[in-house]
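The values are calculated or read from the model by the stated rules, or taken from the named source; none is laboratory data. Bear in mind the structure is a predicted one, so any value in this text is a computation, not a measurement. Here the Cβ is made from the backbone with ideal geometry for all residues, glycine too, and neighbour counts use every protein chain on show. Please note that ligands, DNA and RNA were not included when accessible areas were found on the heavy atoms of the full protein model with its side chains. Shrake-Rupley method; radii C 1.70, N 1.55, O 1.52, S 1.80 Å.
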Amino acid sequence: MHLVSIAMYVTSQPLADATAALWSFLRHYLFDAGLKDLPEKLDQTVGYDEAWLRPDLLLSQTCGYPFASRLRGKVRLVATPVYDHPGCDGPLMCSFIIVRTGSSHRTLEDLRGTTAAINSPDSNSGSNLFRAAVAPLAREGRFFGRIIETGSHGGSIAAVAEGRADSAAIDCVTYGNIRRFDPGHVEGVRIIAETPKGPGLPFITSGDASDERVLLLRLALAAAVKEPLLAAARTTLGLVDFAVLSDADYEPLLSLAGEALPQLERDDFTSVHIRLP
């Protein structure tokens, strides 16, 4: 049985239901095209990041920075979703840098020496783009006074709203989804800046997938954005298209990290931090 795990944007029930509807369409399309051993439902037992390198992987979604830094050559790029959320520009997206609603911080410069929350050190939206945004302001390779790791964008929002951190960078798609389906979660925060943009979270398949398999998956995704019966699901997801990018299109994410390092030590985002429960 093939493994299908699409778990990056399913934090609320409407999103989970819409993603399930998307897979149901894809499953029928792929089955009609001759692909067998397709799971009826999306896998919810395998960790989203554990699915990426599984040899039985048919389709999953990964974060752009892990794809560029450690998955290239081990998985195959299928397509990148195009969302219509604020902060998106075709297949490119940014993160919103947030502070507490009542905070005196108005600019990035105001965050110098404060506590920042990141969801994960290898997250593109929560760490890599954040680092790139503040790097030009660094002094002697440092900017923040402390970094805490929360484990999720939702956890980072809560850390800022509750005063455990002064700022965080939130994936603009995640932020848009929360504003629509769980608006109370962002009532205590406000946006003060946007990070640089980079290619969004790509859909991938196993590294040994044939060209024919990759093409079939791309055709299925292209059909999904045109299917009238999926209109409501696409609206819920904010999904308007899929773009076929190359591995090289993700290299700028590594450049962002590299360009930031002379100004902001990587330790500022990877070693000097506290992992929250």
Among (1) of a type in the set (Gly, Ala, Ser); (2) out of contact with any strand residue (DSSP E or B) (no Cβ under 7 Å at 6 or more places or on another chain); (3) more than 21 Å from residue 48 (Cβ to Cβ), the one test that residue 152 misses: (3)
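For segment 134-153: of the residues being in a loop (DSSP other than H, G, I, E, B) and not hydroxyl-bearing (Ser, Thr, Tyr), which is surrounded by the fewest Cβ atoms within 10 Å (Cβ to Cβ)?
Our first condition is that a residue be in a loop (DSSP other than H, G, I, E, B); within segment 134-153, this holds for 138, 140-141, 143-145, 150-152.
After this cut, where a residue has to be not hydroxyl-bearing (Ser, Thr, Tyr) as well, the list is 138, 140-141, 143-145, 151.
Working: 138: 19, 140: 8, 141: 14, 143: 26, 144: 25, 145: 14, 151: 13.
Filtering segment 134-153 for residues that are in a loop (DSSP other than H, G, I, E, B) and not hydroxyl-bearing (Ser, Thr, Tyr), the one surrounded by the fewest Cβ atoms within 10 Å (Cβ to Cβ) comes out as 140.
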Single residue of segment 189-244 satisfying the filter (open to solvent by 30 Å² or more (accessible area, probe 1.4 Å) and part of a loop (DSSP other than H, G, I, E, B)) that is nearest to residue 165 (Cα to Cα): 196
Failed criterion for residue 109 (all others in (1) open to solvent by 60 Å² or more (accessible area, probe 1.4 Å); (2) under 18 Å from residue 195 (Cβ atoms); (3) in a loop (DSSP other than H, G, I, E, B) hold): (3)
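Say whether the condition of being part of a loop (DSSP other than H, G, I, E, B), closer than 19 Å to residue 6 by Cβ and among the aromatic types (Phe, Trp, Tyr) is met by at least one residue in segment 53-67.
No, there is no match, as no residue in segment 53-67 is part of a loop (DSSP other than H, G, I, E, B), closer than 19 Å to residue 6 by Cβ and among the aromatic types (Phe, Trp, Tyr).
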Matching residues, segment 154-176, being out of contact with any Pro (no Cβ under 9 Å at 6 or more places or on another chain), of a type outside the set (A, V, I, L, M, F, W, C) and not in a strand (DSSP E or B): 154, 155, 156, 162, 163, 164, 166, 174
